[in-house]
Amino acid sequence: MSIKVGIDLGSTAIKVVFLENREIVWKKVVPTIPGQAQIANDLISEGLSETGYSPDQLNDPVVTGYGKNLVHDAGKVIDEVSANALGVFLLSDHKARTVINIGGQDVKVIRLSESGKLIDFKMNDKCAAGTGRFFEVAGRILNTPVDDFGDLGQSSADTVNISSTCVVFAESEIVSLMAKGIERQPIIRGLHESLARRIAGLAGNHDIEDAVYLDGGSANNRGLVAAIEDELCRDVHVLPYPQFSVAYGAARSLDSTV
Ligand code: ADP
């Protein structure tokens, strides 16, 4: 039996997957901190002990993401846009035509052909607005973990307009809304809507086509997904583990090209 290993060294989180027969049999995400190569090796050891595979059953890992060049004993290195495109195309049963990946520090809009070939991509990595970082900053001010944003935002019938697109100005906007006594639920809903406008601005100019898949850690936020669907006026799909599709695509690049 040969187990494929994909490692996505993202700017915010490190993701590792083990695949047996194209299925994810083990996965783990941990925050990105200095010493990524050692963390990746430790995760592989953890995966081995949890699954019971022996080291000689593992293929050399395929590494991708922001820190991909830090792992010197990788079997293969692949760029994150190609890994993302391949991962979402395969996991969506070849349905995906547009992938919107909201990472910790950037947003990518990737377009795919019917056969899964990368047509083009667009990236916003100059500014934290529209990225997971925006939510993390807001979460600190609101004293709320980002994992709770989806439910809290969706539980509110009210919303507020967050007009600042810059994280620094949005931060002071949130503080002044709180000073007026506004609850965190409508503020979070307003944040989702603000982010959705920003992301739709990036994606909309890019001739997006169905089917659209939202990907990356922030795709776990159902409130954000709903706000993006409203803004784009179309269905937005989310895979079961949207934070792992880049690592999955990296591992599958050993046996699949599109
Ligand atoms: P990168 O690859 O750039 O490191 P990821 O795709 O791993 O980024 O996404 C990291 C982001 O995902 C973080 O900003 C984190 O806040 C967000 N995230 C992860 N899980 C959730 C969740 N359940 N709800 C909302 N946001 C989440």
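The values are calculated or read from the model by the stated rules, or taken from the named source; none is laboratory data. Not measured: the values here are computed from a predicted model. Glycine gets a Cβ as well: all are built from the backbone with ideal geometry, and neighbour counts include every protein chain shown. All accessible areas refer to the heavy atoms of the entire protein, side chains included, with ligands and DNA or RNA removed. Shrake-Rupley method; radii C 1.70, N 1.55, O 1.52, S 1.80 Å.
Here are some notes:
- Per residue convex hull volume, Cα atoms of the chain, in Å³: 121
- Accessible area per residue for the chain, computed on protein heavy atoms with a 1.4 Å probe, is 46 Å².
- The string of couplings for the stretch 27-38 from the Karplus curve (6.51, -1.76, 1.60, θ = phi - 60°) is 8, 7, 10, 9, x, 7, 9, x, x, 4, 5, 5 Hz, one whole number per residue in order, with x for Gly and Pro.
- Amide H within-cut-off set for residue 211, under 5 Å, with H built and near neighbours excluded: 97, 98
- For residue 32, the residues whose amide H sits under 5 Å from its own are 13, 14, ignoring neighbours fewer than 5 places away on the same chain, with H placed 1.01 Å from N.
- The chain - share of DSSP beta bridges that are antiparallel (%, nearest 5): 65
- Alpha-carbon Rg/Rh ratio, for the stretch 97-238, with Rh computed the Kirkwood way: 0.98
- In the stretch 97-238, the portion of solvent-accessible area held by carbon and sulfur atoms comes to 46 percent [1.4 Å probe, whole percent, DNA, RNA and ligands not counted].
- For the chain, the relative contact order comes to 23 percent (Cα pairs under 8 Å, sequence separation of at least 6).
- Most to least packed among 174-187, 97-110, 6-19, 209-222 [average Cβ atoms within 10 Å]: 6-19, 97-110, 209-222, 174-187
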